[in-house]
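Everything below concerns the one structure shown next.
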Amino acid sequence: MDTTTNSTTTEEEELTTRPATKLHTPAAVSIPLTTTTTTTTTHATPMSNGMQENDALDGDIATQGVTISTTSTTIPSIDTTTIEQRENNDFQEIVSLIKENNSNQLDRVLNEIKSRIGAEQLKELLNTRIPDNNLTLLYYALVLDCYNDLVLLLLLNGSDPNQMVTPLPQASSNNIVLESPESSSSSNSNNRAPSPPPTESSSTINSKAYANAKTDTVEEFYKKPASLEAAIHYTVRHGDSDKMNLLIDNHADKDILDSVQRTPLILASSNGRMECVRCLVLAKCNITLKDILDKTALHVAIEQGYDDISATITSNGGDISLRYHYKPIRSSRLTFSSSADYTDFNDVEILKRVDRYGNIKDQPIVKDEYTRKKEKKSVEKELSRCSKWLSLLKKWNYSKITSKVKSKSVKGVPPRIRCEVWSHLSHSNLQEALNPNLFETLVNQHSSSEVVIDLDVNRAFRGNIFFRERYGVGQVALFNVLKVYSLYDTTVGYTQGMSSIASVLCMYLPEKEAFWTLERLMNREKYSMRDLFLNGLPKIHKTIFVFDKLFVHYLPNLSKHFESINLGSMIYATKWFIIGYLDSLPFNVSLRIWDLIFVYGYNILYSVAICLLRMFEKQFLGKAFENCYEVFRSFETYQFDEDEFINFVIKHKIKSKKIEAIEKKYVPVGGGSGSQQINSPPPAVSLISSADLIQNSVPLLPNNKKDKKKRFSFFQKK
Amino acid sequence: MANNNNTQEKERVIIKFLILGGSQSGKSKTLLRYADNIFENQHIITIGVEFRIKYIDDLDPNYRLCLQMWDKYRGCERFRSTPHTFYRNASAIFVLFDVTDRESFNYVKEELKGIPHTSECIHEVYIVGNKIDLESKRVISREEAIQFAQDNAAKYYEISAKENINVHQMFDEVGKALFYKKINDPNFTNAKPTSSAPPPKSYCIIQ
């Protein structure tokens, strides 16, 4: 070890001021100037980030140090000219100052050298590799965890941050290159020029690393450095966002690839360096680049379970679909979202609190003897209803909804066959048969509404066990349905409120059927909910107009009262008519209302509204504005007798002729920006939204009455 | 809304607050935090208008402050057609943005443009930076927001509905100021808001 005692006395003095404890890499040992090498003090280094890997190296230092030291002794003997000697001395002084982490002194020295040899020469000097470990000075400073200002100093004086470097060996990995004496001596001649990494050895390392990637687990692959990387990769691997920003500010390429084609962003994502990811994304790095394993940063972040990183990437243009569709097998990490909505309960606890609709209650559901008996009875009733429904479905008449069907659905469709019944009632199964591959084709395409859909999927019915898990089964289904609809009908795209309707469909129907049912709800004349979600919400204005007229007609006293307290129907009824009472009434009641919607069409909602107000009329009368609003809010928790309520609604069902007559009187008033669309027919649904579909020659969906006939004939033939 | 009997003798002074802001800037959460002092981790979609009332009794022996808090259903751009009735009689408008989301900050401008300036809509505008508990993810600095607020002649507040930082202080402060302004206003008519009789129109308006 002590063979390399070439030091000058001045150097030694400086070193005494700061103990030479920075020698924790085998490479460091070999620098001639650091001859006060006391390798035993390695563990006392202030290197925080590099600690792990370097600690493990302690054992190797002795042997490696020796091999290198033989190399370094040869350097001065070759450099013969005085200028070269001088530059070599300069260089070594810089190296030693970096080692000392002495930025003040380095600043002085660099200025001195600059004045002596000029900026260009200094730049060249700074880009010279350290002969023993073939690192750049900049990279070396990073390895030694030098102060930020020292790193900045190097950068400002011309250190090239984009040079590729073979990182120092880690304890376990094999991609170590100890330069043989011959190669280092040969590189001595071009010592001053930034020596490109030896191509031969790099290719071998490359293949080795790649081989590692194949044999190692993927996780290990992403934790290891590549055989060649730039300075920014080092900072990212160690999560040093400050230095990373320094590099980026000083012309470091933020999308530079290491030898296994990983961008800094991919490395940051795989190592869970949130701050680095954030800075890189803010610096507008390319998030779509793929590494040698064909994965983007988002893939990696999802794979490693870093939800905050995935979220950062998707909110800055990453492919949101991937979060729903890419499901790597994860061993350790749980998939709960970082917001951890429910992690304070374990699963059994939750199951105890789930009611029959999947809604998670605040309290465990306790059933006494009476309710149990009652439930048993209702289940038996439901089973008998099921079999009746099934026989009805066998000889289903698509052209007319029979009175039998009507009376049955008023009693409530049993949940287990809601899927079949709803799709028969809405004709979505016919539509699906006409376009067998449309859903599958569209589900893999990208929609411009993905970002908004993702936001709303995150908050649709999260209290239901089906949608509880972020990016879980339920959310994937909901996302797919909404995305496919937004692609299918680009005029509407996605509008808030659709997520609530689609959620309910997803609870009872598989995603493909749910999509087609949503499509029918939107586009079939009977429901025509599409106009509700068009730009400017044309239908809601119309609906409110009709509702106001009906309100005055049926409940004159209450309407007068509401008028007197300035409680417009827009305030309370908008929600009712957009999402069909889904969040204004108890869930079981709103489901029954949806059964009615499928049978009677959208107009049944008017009857429901009038009946609701009639039921609560006494509570409203004489109350001030805010108390009335409280009554509206109490609907959600009111204990409805659902059968009684539904029967009440059907008994007082408003005839559709009456509604149509009022609709005719409606003159759209220019209120909102998009209200001029109200009278004009909605733009034709873009049924075929991609060239692929045209190639597949998907027939256009029948949308008007003429086409309906065609559709039925089609079905009967079948 | 406790002590309904006790406070019925007091006259109510109604002050209407509007809460606006971009998608997921925390409007509903802020509202719930102030009115019910809860924070739900679950996300909520507001459809239609969300509405809460908060009474403050201890300000004046004769009057009772009744804060009406309105939270508009926005979400998508296409809901801009919210009628002007929403803005009518509002005393103060709070435009929220998420300090960790630049887009929501940019949206504040849009919201400000959308506020109608008519004689019956005279209101103070406040710009509110929400989610300051997420300091590490912050994108909009306090200075930038203050500067922006000054440019738009608005006051700036920073809150966190989740950690309950400054939410109550903000609404209380604004509410109280408006309350005193209102009851000291000579034009303020002492209309008795009996529960059955409709309150006169001027009752709600601060002029």
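Residue count for the stretch B:133-165, restricted to those that are in a loop (DSSP other than H, G, I, E, B) and surrounded by fewer than 18 Cβ atoms within 10 Å (Cβ to Cβ): 9. Do we have B:E50 as more than 9 Å from chain A (Cβ to nearest Cβ), at pLDDT 70 or above, surrounded by fewer than 19 Cβ atoms within 10 Å (Cβ to Cβ) and not in a loop (DSSP other than H, G, I, E, B) here? Taking the combined requirement at face value, the residue does not satisfy it. Among the residues making up the stretch B:53-69, those that are surrounded by 17 or more Cβ atoms within 10 Å (Cβ to Cβ) and either more than 9 Å from chain A (Cβ to nearest Cβ) or at pLDDT below 70 (or both) are B:K54, B:I56, B:Y63, B:R64, B:L65, B:L67, B:M69. A:S448 falls short on exactly one of the conditions (1) within 14 Å of chain B (Cβ to nearest Cβ); (2) in a helix (DSSP H, G or I); (3) under 20 Å from A:G317 (Cβ atoms), and that condition is (2). Restricting A:D132, A:D149 to residues that are surrounded by 16 or more Cβ atoms within 10 Å (Cβ to Cβ) and of a type outside the set (V, I, T) narrows the list to A:D132. Looking at the stretch A:454-465, can you tell me whether even one residue there is under 16 Å from the mean Cα position of the chain (by Cα), surrounded by fewer than 23 Cβ atoms within 10 Å (Cβ to Cβ), in a helix (DSSP H, G or I) and within 14 Å of another protein chain (Cβ to nearest Cβ)? Looking through the stretch A:454-465, at least one residue is under 16 Å from the mean Cα position of the chain (by Cα), surrounded by fewer than 23 Cβ atoms within 10 Å (Cβ to Cβ), in a helix (DSSP H, G or I) and within 14 Å of another protein chain (Cβ to nearest Cβ). Residues that are over 25 Å from A:S528 (Cα atoms), of a type outside the set (V, I, T), at the interface with chain B (Cβ under 9 Å from one of its Cβ atoms) and touching a residue at least 24 places away in the same chain (Cβ under 8 Å) within the stretch A:548-585 comprise A:H561, A:N566, listed in sequence order.
Given A:K400, A:K373, A:K367, which one is part of a helix (DSSP H, G or I) and either in contact (Cβ under 8 Å) with a residue 40 or more places away in the chain or on the phi < 0 side of the Ramachandran plot (or both)?
Only one candidate qualifies: A:K373.
Selection of first residues in the stretch B:132-146 that are within 14 Å of chain A (Cβ to nearest Cβ) and of second residues that are part of a loop (DSSP other than H, G, I, E, B) and surrounded by fewer than 16 Cβ atoms within 10 Å (Cβ to Cβ), restricted to Cβ pairs under 9 Å at least 6 apart or on distinct chains, gives the following pairs, ordered by first then second residue: B:D133/B:E163.
Could you grab me the full set of residues in the stretch A:473-498 that are among the aromatic types (F, W, Y) and within 11 Å of chain B (Cβ to nearest Cβ)?
Residue satisfying the conditions is A:Y494 alone.
Residues that are more than 14 Å from every other protein chain (Cβ to nearest Cβ), more than 42 Å from the chain's Cα centre (by Cα) and not charged (D, E, K, R) within the stretch A:598-644 comprise A:I610, A:C611, A:L613, A:M615, A:F616, listed in sequence order.
The values are calculated or read from the model by the stated rules, or taken from the named source; none is laboratory data. The shown structure was predicted, so the numbers you read here are calculated from the model rather than taken from an experiment. With ideal geometry, Cβ positions are generated from the backbone for all residues, glycine too; neighbour counts draw on all protein chains shown.
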